[in-house]
Amino acid sequence: MIRIILADDEALALFSLQKQLEKLNGGVIVGAYQNGAEAVEAVLREKPEAVFLDIDMPELSGLEAAEIIMSHLPETEIIFATAYEEYALKAFELAAIDYLLKPVSMQRLAKTLARLSQATAAKTEPDHPVGTSRTKEQVTIRCFQTLEVDTGESGPVHWRTNKAQELFAYFVHLRDQPVRKDALLEMFWPDIDPKKGYTQLYTTIYQIRKTANAVHPGIRIVSGDKGYRLELNGVGVDVVTWGEGLQTVPPLSEHTLAWHLQLLELYRGDYLEDCGYWWAENERERLRMLWYRHAMRVAAFLETRDNAAEAFQLYFLIQRRFPFTEEVYWALIKLFTYIGDRVSVERQYDTLSQMLHDEFGTKPARSLEQWYRERVV
């Protein structure tokens, strides 16, 4: 049977819930506590399948208790109980298996136990056919262009709220670096009362843990004394893989060209570009410039190997991503001149001149203008 621990600071409510569960034969109650901290200690010791938590407990609230429990035992099912509709809605946002409004009716509790039974039964069913398993290598967190958690088999991951997705992205952004709770409040909930802010933080952390654990047990948010740290335990991050590839790839040559081209393709788009997170701007620009310099080197190498078609293709890609960079226009003008395409040379020069005028109120560099007049005009 399902093993359950109860926590409610009101003795009468705790006694009533215990008796109702016994009448419904809802599981084995291995502990009932009026103190949130004692309840958490018991949960970590006994490792029950489910915990019923009153949200509004003094000293350690149900939300805080759930946050600690999920940090250590992410498979544990949480059921919140509260006398206040506001907290009930908050519990629902947590993606807890259920919430109960006090006073709890037998009929409502029976529905909760049915959900709990289904959830625990589902965990014992194999997720994959015999002979297969979900490995760490099959899960990749992608940050180029947008945030995606690629499981390789079950489709995109759906986050409970936009705030949960952003906070997870921020943890991935920092990776192994710890971040203080007060810093997170200042970043993500700067304009609300600190008490409500901590409630929002615990709620969001809980959501992330539930979602992350469903994706892969290796993705864990570890609680410290004053903050959190993300552990990926071998789960890949495309930005990390790409950056390490840039550092370890051998110099450009005929034999390594394919490797360099593959690195360029791994860059699907700018870092978290579609998400619009302000805190990602500096990293986005840093990675953009790394890709730009690498792409320009590869394109120039293709030119030296008389591979004009691939060089053009890469230069045009660079130009689409960096439409306000004079250097790439200059490279295209020279390459079109080399193959004798005067019309394209003039088109590129006119486009460059118009762009510089519209965006910066300037003209092409004097050296380029002189070069153009000597060879084209």
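If residue 268 satisfies every condition in (1) surrounded by fewer than 15 Cβ atoms within 10 Å (Cβ to Cβ); (2) not assigned by the TED database to the domain that holds residue 239 but one, which is the exception?
(2)
If a residue has to be touching a residue at least 24 places away in the same chain (Cβ under 8 Å) and closer than 20 Å to residue 177 by Cβ to count, how many in region 230-253 make the cut?
Going through region 230-253 one residue at a time, the tally reaches 14.
Would you call residue 314 open to solvent by less than 40 Å² (accessible area, probe 1.4 Å) and at positive phi?
So residue 314 does not fit the description; no.
Condition first: in the same structural domain as residue 293 (by the TED database), surrounded by 12 or more Cβ atoms within 10 Å (Cβ to Cβ) and within 24 Å of residue 306 (Cα to Cα). Can you find one or more residues in region 357-367 that meet it?
No, region 357-367 has no match at all.
Please enumerate the residues belonging to region 207-237 that are part of a helix (DSSP H, G or I) and open to solvent by less than 20 Å² (accessible area, probe 1.4 Å).
Hits for region 207-237 are 207, 208, 209, 212, 215.
The values are calculated or read from the model by the stated rules, or taken from the named source; none is laboratory data. Given the structure is predicted, the values throughout are model-derived calculations rather than measurements. Cβ coordinates were reconstructed from backbone atoms using ideal geometry, including for glycine residues, and neighbour counts include every protein chain displayed. Heavy atoms of the whole protein, side chains included, go into the accessibility calculation; ligands, DNA and RNA do not. Shrake-Rupley method; radii C 1.70, N 1.55, O 1.52, S 1.80 Å.
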